[in-house]
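Here's the structure we're looking at; comments come further down.
Just so it is clear, none of the values below were taken in a lab; they were calculated from the coordinates. These numbers were taken from a predicted model, which means no experiment stands behind them. Reconstructed Cβ throughout: ideal geometry from the backbone, glycine too, with neighbour counts over all protein chains shown.
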Amino acid sequence: MRSSEELILNAIYARRSIRKFIQGKPVERNKLETLLRAAMAAPSACNIQPWDFIIIEDEESIRALQDGIDQYAKYNPTVIIVICGNNEFIPWKDYGVVDCACAMENIMIAAPAIGLGTVCIGGFDRRKVKEQLAIPEDIEAVGMLYVGYPDEEKQPRTKYIEEAVHWGKYDGKRTRKPRPGNILEFGPEASL
Ligand SMILES: Cc1cc2nc3c(=O)[nH]c(=O)nc-3n(C[C@H](O)[C@H](O)[C@H](O)COP(=O)(O)O)c2cc1C
């Protein structure tokens, strides 16, 4: 039997960006609810919970939405979840974004446990997406997650690098080497 420590850490490491989904295999409503329950277990500054979640399931709406999404995100999700931050409830805007990011990470970690894959999408035109989803002016489209049954396999892993760790205080003398990703390779190439 695996220890709960192993199980939890493995769940974290198993979250990988999935960009190929099984075409035509719908995600059951109860699984989506499981993801949303995980999302809403996230920490939130002053417990304000500024988030709202828009779930887009039908193919036509997904395709329409992808008009406002850039070339690095033209994949085939079965479901798109748009995470909105309600500014009315957020006296400190940055915290609201952090709250929503925590909720998003919870969804991404919970997904593999129920056989699903996700990828976080940043490459979208917020104005256009807001318009398409009728998101009110004062509500922000903070993030987007693609969800579906994975059609690719990725190994669990951490991206631990020694250089990112400073014990006690920031080590200013340390050479700042570029990290493995590439700002111009926003999509799949960034995560090889
Ligand atoms: C805020 C944010 C925005 C992202 N936007 C995109 C995107 O638009 N398209 C994409 O293919 N991947 C996107 N990703 C996924 C990253 O490319 C991916 O997390 C990274 O390459 C590391 O791979 P891993 O998730 O498998 O660990 C985004 C991730 C984050 C956190």
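When the chain is treated as a Gaussian network with alpha carbon springs shorter than 10 Å, the biggest mean-square fluctuation among K173, K128, K74 belongs to K173. For R19, R157, the sequence from fewest to most other C-beta atoms within 10 Å is R157, R19. With a Förster radius of 41 Å applied to the C-beta separation of R179 and D58, the computed FRET efficiency comes to 0.60.
For the chain, a/c is less than 1.5, where a ≥ b ≥ c are the root eigenvalues of the C-alpha gyration tensor. That puts it in the rounded class.
Please give me the summed charge of the neighbours of A41: other residues whose Cβ is under 14 Å from its Cβ, Lys and Arg +1, Asp and Glu -1. That sum, taken over residues with Cβ under 14 Å, equals -2.
Restricting attention to segment 13-157, lysine pairs at least eight places apart or on different chains and with alpha-carbon atoms under 28 angstrom apart total 17. For segment 95-155, applying the loop criterion from DSSP together with a ceiling of 16 other beta carbons within 10 Å to the GluC sites (Glu not before Pro) yields E137, E152, E153. Other residues within the sphere of radius under 13 Å centred on the Cβ of C120, judged by their own Cβ, net out at +2 (K and R +1, D and E -1). Within segment 1-106, the chymotrypsin sites (Phe, Trp or Tyr not before Pro) that combine a DSSP coil assignment with at most 14 other C-beta atoms in a 10 angstrom radius are W92. The H on the amide N of N76, modeled in the peptide plane, is under 5 Å from the matching H of F21, each at least 5 residues off or on a different chain.
Seen through its C-alpha gyration tensor, with square-root eigenvalues sorted a ≥ b ≥ c, segment 37-80 comes out prolate because a/c lies at 1.5 or above while a/b is bigger than b/c.
A Förster distance of 22 Å, applied to the separation of the beta-carbon atoms of E163 and I12, puts the FRET efficiency at 0.60.
Shape call for segment 72-155 from the C-alpha gyration tensor, a ≥ b ≥ c root eigenvalues: rounded (a/c under 1.5), prolate (a/b greater than b/c) or oblate? It comes out oblate by the Cα gyration axes.
So for the chain, taking the charge dipole from beta-carbon charges (+1 Lys/Arg, -1 Asp/Glu), which of G148, I161, N30 sits furthest toward the positive end? Farthest towards the positive end: I161.
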